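Below: the structure, in structure tokens.
Just so it is clear, none of the values below were taken in a lab; they were calculated from the coordinates. On a predicted model such as this, the values are computed, not experimentally measured, just so you know. FYI the Cβ positions are ideal-geometry reconstructions off the backbone, even for glycines, and counts take in every protein chain you see.
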């Protein structure tokens, strides 16, 4: 690959929220944006040039909340066979998930719940160039929650599977900071959290409230004493890591703000309570990352027509919470919860529930934008929620999220104006990661989950 690349005569939408720059020149050198000119530039003859006439250059897309092993399945139908089928290949499934995202413009993902050891392995292999994929930042487990076959996931599955298998998978996900933490002394719990941080995670996500799926919509419990939340925040920030919150109630959301969460995952899910204006305004003023998880009104209706309880998450109160964050100018960031869904689960859903499904990785970010545009999000705010805002929330705006001199050269080239219609974000010509053009036609490189049903696991 050439050391220097230049996009010429391109319409630049740099992610900072200003007006597009028509006819710009953007130069990439050694994987970084080295120069940005508002017009033509005098460049050496040997520079590789990409003609941007009629095209739009945006920062590489970012997703602030994914589960590269499909978390939606693991708390419901399909999780048992999924985990059993791919147990020996979790890093490869995770990389396949990132490749589906990368193919559609997402150059960086933040995995906020996955099996810790496999996600760190998948991350490191991509960083070393041993595997292709979107850049991963990983939290591993959600501190305070147990594994996929615990009450936090699909506990009912334990009645029909081997306890040895269930215990092994639960221990892999809990990673020493699961529900057992709540039974420890404060000193031992603090030591366990420090040990976990030392394993090399990129951020820490705390279960401020529970994840008891069997009780969804009927109860919500706080996982830790308020005092513990404060020292967990101190330990996380002392290590220089972003602090994320998992909340399912208004009380837990208030605690997440008070403990100093940098990123709030699904804060609008409040068991159908409307968030007070005062709390919305505080969160917005402090530029906390607001990772809402919307679905289109049409998709919610289709779910409910089939008796699928996930449609209830699109309640009028939760929709009102989304609108209030938009109106307050909060640091709204894309956070889809998506993963690499098995063919069997998609087949069970039926064709009519495939389009606009929020949790199918690769298409999820487009669906997220479509849903939030229905709530009143502007086209420019939609672009920033997919770029700048994610980087800002995770304290990575010095390297990612905008096209500026000195930043990592992640970019998406479109052939239609995303400000005229947000659906044009799909009109991808090319994707660049670290200044290199992505071979989108060959992604995923080794299909496992996306291979035809019954296909053998391919050798590397």
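For the pair the range 53-81 and the range 388-435, the centres of their Cα atoms are 16 angstrom apart. Over the chain, the reciprocal of the mean inverse Cα-Cα separation, the Kirkwood hydrodynamic radius, stands at 22.4 Å. Legend: ranking of residues 407, 49 from fewest to most surrounding C-beta atoms inside 10 Å; resulting order 49, 407. In terms of packing, defined here as the mean over residues of other Cβ atoms within 10 angstrom, the peptides 432-444, 175-187 line up highest first as 432-444, 175-187. The three principal axes of the Cα atoms in the range 138-218 give end-to-end lengths of 36, 31, 26 Å, sorted in falling order.
The Cα center of the range 8-40 and the Cα center of the range 255-284 differ in position by 36 Å. Most simply put, the chain has about 45% antiparallel DSSP beta bridges, counting only bridges with both residues inside it.
With both labels modelled 7 Å from their Cα along Cα-to-Cβ, the residue 43 to residue 30 distance reads 1.9 nm.
Peptides 341-353, 102-114, 33-45 ranked from most to least packed give 102-114, 341-353, 33-45, packing being the mean of other C-beta atoms within 10 angstrom over each peptide's residues. For the range 184-213 and the range 287-334, what is the separation of their C-alpha centers, rounded to whole Å? Between the Cα centres of the range 184-213 and the range 287-334 lies a distance of 28 Å.
Taking the longest Cα principal axis of the chain as reference, the axis of helix 163-174 is set at about 50 degrees.
When DSSP beta bridges are restricted to pairs lying wholly in the range 146-292, around 10% turn out antiparallel. Could you work out how far helix 364-374 tilts from the main Cα principal axis of the chain, as a 0 to 90 degree angle to the nearest 10? Its long axis makes an angle of about 90 degrees. Against the chain, whose longest principal axis comes from its Cα atoms, helix 116-127 is set at around 10 degrees. Starting from the 7 Å offset along Cα-to-Cβ, what nm value, one decimal, do you get for the label separation of residue 286 and residue 168? Simple spin-label model gives 4.3 nm for this pair. Here the label points at residue 440 and residue 323, each 7 Å from Cα along the C-beta direction, are separated by 3.5 nm in the simple model.
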